Every structure is written in C-alpha cells, then in structure tokens.
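Undergrad: Please see the structure below; I have some questions.
The values are calculated or read from the model by the stated rules, or taken from the named source; none is laboratory data. None of these values were measured; they are calculated from a predicted model. Glycine also receives a Cβ, built like all others from the backbone with ideal geometry; neighbour counts cover every protein chain displayed.
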Amino acid sequence: MNIYKEAETIAKEIMQECNGDRDTAFDLAHEHCDGHEIAIYYYKGIKFCAEHDTSDGEQWLEDCGGIVQTGDSFGQIACRIAFATLLCAVQSEIDELAEAAQAA
C-alpha cells in the first residue's frame, strides 16, 4: 500500500461527504481510519508498520497519552501505530484540500 495515495483517496472521499467542511472532515477521518484494515487486522497493521515510516503516528500517540496500553499484544500496538500514521496522513491531505479549495 502507498500511504500517500491511500490518504489522498480517503481525504477526497471525506471532503465530498462533508461538503468540504474541514472540522467535520477531521472527525470523519478518525472514523474512516479506525475502520481501515490496517487498524483492524494484526497482520495488516504489522506489515504496514514494517513497510512505512510511522514516526508521525507514533508522535501523535505519544501526544495522546502513549503508544502502549496495559495488556497490549504486539499486534494491537502495531494496529494502533498504523491507525495513527494513516490518520496523520489523511489529516494532512484534508488540510491541503481545504487550502486548495479556499485558494480557488
């Protein structure tokens, strides 16, 4: 998976769904990323983390209270990191689309 293409696809879908409202788009981004296969399936999350730079997602999680929760398995941690990384990429794309819409 190419994270940038996936994030762009998700962001465009979300912006259409909410008629370009950035705040609503950010809320929807969380829902879309939370339901994404990399956030649900351990294998997909682990593979994603192995193949992508997850620094942004890890930092986002640290800012939200930490990456690891008591009792987590390796797969749960990987899915959480994958989710956060995708969320950051989608939010970045939403910002770009919102700025482009304002400039037009």
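Undergrad: List pairs: first residue in region 55-70 and within 12 Å of Ala82 (Cβ to Cβ), second residue not in a helix (DSSP H, G or I) anywhere in the structure, Cβ distance under 7 angstrom, at least six positions apart or on different chains.
TA: Glu58/Ile67; Leu61/Ile67
Undergrad: Return the total of residues in region 56-104 being surrounded by fewer than 22 Cβ atoms within 10 Å (Cβ to Cβ), β-branched (Val, Ile, Thr) and either touching a Phe, Trp or Tyr at 6+ places or on another chain (Cβ under 8 Å) or at pLDDT 95 or above (or both).
TA: 1
Undergrad: Filter region 27-56 down to residues that are of a type outside the set (A, V, I, L, M) and under 11 Å from the mean Cα position of the chain (by Cα), then give me how many there are.
TA: So the answer is 9.
Undergrad: Take the residues in region 1-23 that are more than 15 Å from the chain's Cα centre (by Cα) and of a type in the set (S, T, N, Q), then tell me which one is nearest to Lys44 (Cα to Cα).
TA: Applying the filter and picking the extreme gives Gln16.
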